1. List the lysines whose alpha-carbon lies under 21 Å from that of LYS126, not counting same-chain residues fewer than 8 positions away?
2. What distance in nm separates the two pseudo spin-label positions at GLU217 and GLU288, each 7 Å out from Cα along the beta-carbon direction?
3. Can you give me the long-range amide H partners of ALA106? Hydrogens built in the peptide plane at 1.01 Å from N, cutoff under 5 Å, separation of 5 or more residues or another chain.
4. Could you check the simple spin-label distance between TYR252 and LEU210, using points 7 Å along Cα→Cβ, in nm with one decimal?
5. Can you tell me the 0 to 90 degree angle between the C-alpha axis of helix 212-222 and the longest principal axis of the chain, rounded to 10?
6. Output the 0 to 90 degree angle, nearest 10, between the alpha-carbon long axis of helix 237-251 and the longest principal axis computed from the alpha carbons of the chain.
7. Have a look at SER333, SER189, SER71 and tell me which one the Gaussian network model of the chain (Cα, springs below 10 Å) gives the largest fluctuation.
8. Remind me, relative contact order of the chain in percent, using alpha carbon pairs under 8 angstrom and six or more residues apart?
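Every number in this text was worked out from the coordinates using simple rules, so none of it is lab data. All figures in this text were calculated on a predicted structure; none of them were measured in a lab. Every residue, glycine among them, receives a Cβ derived from its backbone with ideal geometry; neighbour counts consider all protein chains shown.
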Amino acid sequence: EQIEKGGYDHFMLKEIFEQPNAIRDTYRGRLLVNEAIVKMAGVEDNMKKFLNAERIIVVACGTSWHAGLVSEYIFEEFARIPVEVEYASEFRYRNPIITEKDVVIAISQSGETADTMAAIKLAKSKGAFVFGVCNVVGSSISRETDAGAYTHAGPEIGVASTKAFTTQITVLTLIALRLARAKGTMSSSDYRLHLQELELIPEKVEKTLLSDDHVKEISAIYKDATNFLYLGRGFNFPVALEGALKLKEISYIHAEGYPAAEMKHGPIALIDEQMPVVVIATRKGHYEKVVSNIQEIKSRKGKIIAIVTEGDVSVKELADHVIEIPASEEALSPLLTTIPLQLLSYYIAVMRECNVDQPRNLAKSVTVE
Ligand code: G6P
């Protein structure tokens, strides 16, 4: 097992550091920047279905559901297709309204999650076209879906999902870009820019991973906290949910993720000097508004850990700690902002002597209801 961990203390840390290559493997052969083409057989073969779709319904569980939420912002922005993101477990029991004009995208790392499988069967029985985004090749879900695209992240052993999440977002971004081009919903300059930027993401993830030691220092300060709040807006709202989920899963600290503007409708009541608040405050993404949320947290003495764009000035003046990430297009920023949140949960869990790779009560894939 030590050999399989490749010199890392845990599979989770190894998988966090594998992300630059995992993302490269995900877009290899699919993202052709020079030709300005996105090529995915499962999408090409079913282009009519995608183009006729009146909406996309994403079904998934856990971290895969969070990737689905990120994709909602991306599909709507790039391809102007309305998207609904559903917990597979709710969808399957709700007699959902679904027709042949719907495209259902099922996202699952393992391809074995029982609720997601049941949601797929239900959608198929109502005539919808079901597209799978799985990591495990030949898995049950990849066989049950009408078509699909693998994430090619390689085996993910740690129960807390890391590289599966970023590679799912990568695949979904590629699909959204392909549809945007086919539908003409994105200007060609914007389309090309996003292809170029997506190609640069692995390098930027590498750069983001250099914050490792800094995140470790921050982790040591907050490892004994009993609650954490995570805030983000727009494309980074789902990242806040995912950051909170990671902390809960492996460190057993209660954490909640919220859209930053919703703070005033509840969570703000919780903020005092004991409360660390992780805020995703990258430039472009409603920056000014998030800065004013940070001011509100500060005036209530909350401790602020902010994820900011390199060279940031305003947030630095207010926050207790800042973690810098390289600048990127806003729609692609979740691929970067997620990284320090994964590291934060990892180091806090290690410092609390938790079983990082096999947290209590959790399973890598939930194959029963
Ligand atoms: C379990 C795992 C999570 C995962 C979820 C969905 O809860 O612990 O890490 O996100 O299942 O799994 P899937 O394989 O369908 O993505």
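1. Answer for LYS126, where 21 Å is the Cα cut-off: LYS48, LYS49, LYS101, listed by chain and number.
2. 3.3 nm
3. Amide H neighbours of ALA106: VAL59, PHE131, GLY132, VAL133.
4. 3.7 nm
5. Compared with the principal axis, the helix lies near 60 degrees.
6. For 237-251 against the chain, the angle is about 70 degrees.
7. Of SER333, SER189, SER71, the most mobile in the Gaussian network model is SER189.
8. Working: 743 pairs, mean separation 70.6, N = 369.
Relative contact order for the chain comes out at 19 percent.
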